[in-house]
Amino acid sequence: MIYPTFSQWNMTNKRIFLRADLNVPLSDGKISNDFRLISTLPTIDFILNHHGSIVLATHIGEPKNSVPELSTKILIPWFEQRGYSIIFIKDIGTISHLKVVPKQILLIENLRFFPGEKNGDPFFAKQLANTAHYYINDAFGVVHRNDCSVTLLPYEFPENRRSIGLLMEKELRALNVLKENPPRPFIAILGGKKIKDKIPLIHSLLKKVDALLLCPALCFSFLKSLSKPVGQSLVDDSMLTMCKKIILEAESSQIACLFPVDYQVAHNTIDGPLSIVPATKFPDNVIGISIGTETVALFTEEINHAKTIFLNCAMGFADRPETRESTKKIISAMAASSAKTVIAGGDSVDIALSTQNYQLINHLSTGGGAALAYLSDTLLPGLAAFEEE
Ligand code: 3PG
Ligand code: MG
């Protein structure tokens, strides 16, 4: 376990670079869910209460260059409404010339607007490092990424001037419960779109779980690898060999791989009319969106027998609420169960928060891919700088 060390720092009149994951869901340019912002406040408040000033940095979305709608400026009103003193800094180079104002937040632009963030550019790391005396990584959601601000930047600070944040600590602590002797059976309910990221992680997860419940869109690459019909559903052809390997390994280790028995599908395009089809009669012209009622019943039974449940599975679209219903039912079944429960990922948590009894879920994690990577014992590049030699 890695612990924060920043409580030993003298933060008065110092600038602290805080890498956060404030990649909030947006709708019509507005923050539709502030869970990631709220989750980062303990670290922010600690620094400000100790008279430090924060250089606040995050990514939003997956832009390849500057996209005005994804500017971090959209976060400013949220902080102002809560009484924080926050200013937007366009040019990172100017920060080192500014006087340190205690209790002030300097918000820099979306890190992914700078090519250096994804290119592993050492000069970008130095430019970011020049803004602050200390570095804190509280961005659990990107701890599995090789982004410059996560992997290179901490090394620009001496060991006694870099630390993880309070959210990172909370996440690792909660996930450790699932990592170390989880009550069994342990089931993982997995779905969503970041297929390339997740499939290799599922391979490592086989060592941990007793059953995998595979859902849209993720399940279609597995089904295609078994030559089953998937219509026009999202498939990553580069992952089929890996999918096959996972299914065979699961079989030989007696880990159940459960697939939906019926699907909610959209006809012709993702905006097309919806219907439920059995898995055995998957039409050519439809796109699998979510699971059908029979699968909800089947998976609820699995949930009722499980003692540990991990879910990263946001099915459907925010702007078509009828496509979110099955995910909500699965999450409600998890909340009603007596198992240890974790729901992970921005979109999965977004759906969880719209259910009645989400408070009964043991842990809502701000990172989906990150939680999956941590659970499956995959190397987390974002933690390397904080691990003891
Ligand atoms: C997320 O939304 O899962 C995190 O913010 C990470 O974003 P990414 O998958 O675009 O790196
Ligand atoms: Mg996300």
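Derivation of every value follows stated rules applied to the coordinates shown; laboratory data play no part. Since the model is a prediction, treat every value here as computed from it, not as a measurement. FYI the Cβ positions are ideal-geometry reconstructions off the backbone, even for glycines, and counts take in every protein chain you see.
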Quiz item: Just wondering, is there one or more residues in the stretch 69-86 that are closer than 16 Å to S163 by Cα and over 20 Å from the mean Cα position of the chain (by Cα)?
Solution: no
Exercise. Report, by residue number, each residue of the stretch 248-270 that is farther than 19 Å from P185 by Cα and either of a type in the set (G, A, S) or free of Cβ contacts under 8 Å to residues at least 40 places away in the same chain (or both).
Key: L248, V261, D262, V265, A266, H267, N268, T269
Quiz item: Can you pull out the residues in the stretch 321-358 that are acidic (D, E) and either within 16 Å of ligand 1 (Cβ to nearest atom) or in contact with a Gly (Cβ under 6 Å, 6 or more places away or on another chain) (or both)?
Solution: D347, D350
Quiz item: Considering the stretch 116-153 alone, what residues qualify as being closer than 26 Å to P200 by Cα, part of a helix (DSSP H, G or I) and of a type outside the set (G, A, S)?
Solution: E117, K118, N119, F140, V142, C148, V150, T151
Quiz item: In the set I92, I60, I76, I16, which member is farther than 14 Å from R112 by Cα and out of contact with any Gly (no Cβ under 7 Å at 6 or more places or on another chain)?
Solution: I76
Exercise. For residues that are surrounded by fewer than 20 Cβ atoms within 10 Å (Cβ to Cβ) and outside any helix (DSSP H, G or I), tally how many sit in the stretch 264-291.
Key: 16
Quiz item: In the stretch 303-322, how many residues are assigned to a helix (DSSP H, G or I) and surrounded by 19 or more Cβ atoms within 10 Å (Cβ to Cβ)?
Solution: 1
Quiz item: Across the stretch 47-64, what is the number of residues that are out of contact with any strand residue (DSSP E or B) (no Cβ under 7 Å at 6 or more places or on another chain), more than 15 Å from ligand 1 (Cβ to nearest atom) and in a loop (DSSP other than H, G, I, E, B)?
Solution: 2
Quiz item: Quick one: which of S338, S326 is of a type outside the set (V, I, T) and crowded, with 23+ Cβ neighbours inside 10 Å?
Solution: S326
Practice problem: Filter the stretch 323-357 down to the residues that are part of a helix (DSSP H, G or I) and of a type in the set (G, A, S), then identify the one that is farthest from ligand 2 (Cβ to nearest atom). | Solution: A336
